[in-house]
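The values are calculated or read from the model by the stated rules, or taken from the named source; none is laboratory data. Fair warning: this is a prediction, and the values are worked out from it, not measured in the lab. All Cβ positions, glycine included, derive from the backbone under ideal geometry; neighbour counts span all protein chains shown. Heavy atoms of the whole protein, side chains included, go into the accessibility calculation; ligands, DNA and RNA do not. Shrake-Rupley method; radii C 1.70, N 1.55, O 1.52, S 1.80 Å.
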Amino acid sequence: MQCENKEKIISELRDEIEVVLSVKDEITQDEINNFKEEFPMITEEEIRKEISKLTKDEKYIQKCSEETDDVKKYKIKENSGNQEDTSLNDTIRIDRNKIKDAILKLKNEESYNNKDTEIDEDIKIKEIKELNEVPYGVKEVEYIEPGRLPENIKVIRGEVKYNHLSIDWDWPYGVHRVMILYRNDKFPAKVDDSSAVKIAVEKNCGEAIGQFTIHKIKDESYYFCVFPIIETDGEITYLEGKKRLIVSKAPNEIFYTLNVKKRLFGGIKTISIIFSTSVEEANMPPTVLIDKKGNIPVLKSDGEEIYKFDYIKLSKDESVEVELPVNIIKKNTYIKLFLDDERNSSMFRIIPPEKKELYFK
């Protein structure tokens, strides 16, 4: 029975992961932490494995391995000139992230005198060369192919951690400077938006990823727009800005249940949906009711839209009940509520009732 419960919980976890992946490309550590709180029976390692399965990306498992074994101790032996092993008793601590681009030379499994070595099995290091740090402010000189236009930023990634908010992006071809604008109420429309905070960031020599951090953030939304800057013969132009919304507070949770009254001799007499929330006040955005035959819909596109709700004002002290047309419910179907615009998923989260309550025979 315990095994069946675990499988059910993992199935529900997959549903939640797929909802997140339907609106964004990556799952952040904060979202993984939310999964851990929602599914306390499942470990972070198990959560990351499920994410890796759905995304077919091993980085989530690798990152977990690095975090649990972030800093390991390695004993290093070096061969002396007379081919005798010289044991170094000193132990060094190595941060994997800092040596990923270092030059690693594997030590031969057999020493020159055929004696067993004492190197750790998971990695053998003979030599580690420190990376030369690039002085801040050094501009990169890049060869621009004739006729090739500078490219725009493809993806902006974001993370909120320890009251710090960071965004980063891959520097596109031909771009060495960007203008970052952000507001807390809406996206900046233009680069000359007088209500937005503006910051110029330059690319350093050899830098592949640009980054910007706000060290003390408010408990509200941050609407970013990053404009690549192009300089030609002293003239400055801006490419179209790339947008990214980052919410520093947890999404408002919207709960719903179904109230079904049946006729005396079978069939549905009335059906309504009851909305509630645990926050002081929430203006729930438009939502849609999706049905699917034989199984519960995981995504909004996974079934057929049968009903749409407009904005609904909720509070923790008062629930809202909306009656539904009886004829929209079909036999052998599951129904489930989704946000009409998935971009609202960073601010609102729809919590469904148990799966059995969503099924109609």
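Cβ-Cβ distances below 8 Å connect the following pairs, each with a first residue in segment 188-204 that is within 19 Å of ILE230 (Cβ to Cβ) and in contact (Cβ under 8 Å) with a residue 24 or more places away in the chain, a second residue that is part of a loop (DSSP other than H, G, I, E, B) and of a type in the set (Gly, Ala, Ser), and a separation of six or more residues or different chains: PRO188/SER195; PRO188/ALA196; PRO188/GLY241; VAL191/GLY241; GLU202/GLY137; ASN204/GLY137.
Taking the criterion of being assigned to a loop (DSSP other than H, G, I, E, B) and loosely packed, with under 12 Cβ neighbours inside 10 Å, would at least one residue in segment 219-226 satisfy it?
yes
Within segment 177-196, the set of residues being surrounded by 14 or more Cβ atoms within 10 Å (Cβ to Cβ) and not small (Gly, Ala, Ser) comprises ARG177, VAL178, MET179, ILE180, LEU181, TYR182, ARG183, ASN184, PHE187, PRO188, VAL191, ASP193. Residues satisfying the criterion are absent from segment 274-292 (criterion: out of contact with any Asp or Glu (no Cβ under 7 Å at 6 or more places or on another chain) and free of Cβ contacts under 8 Å to residues at least 24 places away in the same chain).
Annotation: THR213 fulfils all but one of (1) under 21 Å from GLU26 (Cβ atoms); (2) of a type outside the set (Phe, Trp, Tyr); (3) in a loop (DSSP other than H, G, I, E, B); the unmet one is (3). Can you find a residue in segment 37-56 that is open to solvent by 60 Å² or more (accessible area, probe 1.4 Å), part of a helix (DSSP H, G or I) and either of a type in the set (Ser, Thr, Tyr) or under 17 Å from ALA250 (Cα atoms) (or both)? Scanning segment 37-56 turns up at least one residue that is open to solvent by 60 Å² or more (accessible area, probe 1.4 Å), part of a helix (DSSP H, G or I) and either of a type in the set (Ser, Thr, Tyr) or under 17 Å from ALA250 (Cα atoms) (or both).
Modelled with pLDDT of 90 or more, open to solvent by 20 Å² or more (accessible area, probe 1.4 Å) and over 27 Å from LYS8 (Cα atoms): which single residue out of LYS293, LYS308 fits that description?
Working: LYS293 fails: over 27 Å from LYS8 (Cα atoms).
Testing whether each residue is modelled with pLDDT of 90 or more, open to solvent by 20 Å² or more (accessible area, probe 1.4 Å) and over 27 Å from LYS8 (Cα atoms) leaves just LYS308.
If only one of ASP310, ASP302, ASP340 is out of contact with any strand residue (DSSP E or B) (no Cβ under 8 Å at 6 or more places or on another chain) and either over 30 Å from TYR223 (Cβ atoms) or among the charged types (D, E, K, R) (or both), which one is it?
Being out of contact with any strand residue (DSSP E or B) (no Cβ under 8 Å at 6 or more places or on another chain) and either over 30 Å from TYR223 (Cβ atoms) or among the charged types (D, E, K, R) (or both) holds for just one of ASP310, ASP302, ASP340, which is ASP310.
Looking at GLU207, GLU253, GLU240, can you tell me which residue is assigned to a strand (DSSP E or B) and of a type outside the set (A, V, I, L, M)? Answer to the selection: GLU253.
In segment 295-313, the residues that are under 27 Å from GLU281 (Cα atoms) reach residues that are part of a strand (DSSP E or B) and open to solvent by 60 Å² or more (accessible area, probe 1.4 Å) with C-beta atoms within less than 7 angstrom, at least six apart or across chains, in these pairs: TYR311/ASN283; LYS313/ASN283.
Restricting the first member to segment 49-64 and to residues that are over 16 Å from ASP30 (Cα atoms) and small (Gly, Ala, Ser), and the second to residues that are modelled with pLDDT of 85 or more and not in a loop (DSSP other than H, G, I, E, B), the beta-carbon pairs closer than 6 Å and six or more apart or on different chains are SER52/TYR60. What do you reckon, is LYS243 farther than 24 Å from ILE27 by Cβ and open to solvent by 50 Å² or more (accessible area, probe 1.4 Å)? Spelling it out, it is not the case that LYS243 is farther than 24 Å from ILE27 by Cβ and open to solvent by 50 Å² or more (accessible area, probe 1.4 Å).
Here LYS330, LYS300, LYS356 are screened, and the one residue that is in contact with an Asp or Glu (Cβ under 8 Å, 6 or more places away or on another chain) and either modelled with pLDDT of 95 or more or open to solvent by 60 Å² or more (accessible area, probe 1.4 Å) (or both) is LYS330. Residues that are out of contact with any strand residue (DSSP E or B) (no Cβ under 8 Å at 6 or more places or on another chain) and not β-branched (Val, Ile, Thr) are absent from segment 275-292 altogether.
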